[in-house]
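The values are calculated or read from the model by the stated rules, or taken from the named source; none is laboratory data. None of the values given here were measured: they were computed from a predicted structure. Every residue, glycine as well, gets a Cβ built from its backbone with ideal geometry; the counts of neighbours run over all protein chains shown.
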Amino acid sequence: MKLIIAIVNRDDASAVTQALTKKGFSSTKLSTTGGFLMAGNVTILIGVDEERVQTVIDIIKEQSHSRKQMIPTTTEMSYGYYPSMPVEVTVGGATIFVVDIDRFERV
Ligand code: 2BA
């Protein structure tokens, strides 16, 4: 059993979870905030058998899009340094971690 942790753009989150549900995967959405942009994103947890991990990653890939976002001048880029003008970064499609699960139970 694996746990897939996928951080996706807020605007893609519903499409990702709907596509997962359609294919029979259970998921949980958490509202999260990226440490760099300090902007809201969504973290999706999916518990899945090892042989289905790639199917889930393919679904996430299909539904997540990369976007240009501006770093506001209030973002500290390194100790005490703030950009003098807004800087553009490319965010996503999705950041995905796959971790081992020792035990999974529904009680
Ligand atoms: P944020 O931390 O808000 O980062 C948003 C985007 O800003 C990143 O997009 C990247 O393009 C840029 N960025 C982040 N840190 C940077 C830095 N130190 N210098 C320059 N640019 C930087 P993504 O890489 O697509 O990441 C999207 C979101 O995924 C992140 O939002 C964060 O919430 C999560 N994430 C990405 N890598 C992670 C990691 N290694 N561990 C935990 N969460 C991660």
Among residues of segment 71-98, those that are more than 10 Å from the ligand (Cβ to nearest atom) and either outside any loop (DSSP other than H, G, I, E, B) or touching a residue at least 12 places away in the same chain (Cβ under 8 Å) (or both), counted: 7
Within segment 40-57, can one find any residue that is within 25 Å of I101 (Cα to Cα), part of a strand (DSSP E or B) and among the small types (G, A, S)? yes
Flagged in segment 12-44 as free of Cβ contacts under 8 Å to residues at least 24 places away in the same chain and charged (D, E, K, R), in numbering order, are K22, K29
Of R67, R103, the only residue that is among the basic types (K, R) and at pLDDT 95 or above is R103
Among the listed residues R106, R52, which satisfies the condition of being on the phi < 0 side of the Ramachandran plot, exposed (fewer than 15 other Cβ atoms within 10 Å of the Cβ) and of a type outside the set (A, V, I, L, M)? R106
Just give me the residues in segment 64-84 being surrounded by 11 or more Cβ atoms within 10 Å (Cβ to Cβ) and in contact with a strand residue (DSSP E or B) (Cβ under 8 Å, 6 or more places away or on another chain), in sequence order. S64, H65, S66, R67, Q69, M70, I71, M77, P83
Can you tell me which of I59, I101 is within 17 Å of F25 (Cα to Cα), away from the ligand (no atom under 13 Å from the Cβ), among the aliphatic types (A, V, I, L, M) and surrounded by fewer than 14 Cβ atoms within 10 Å (Cβ to Cβ)? I101
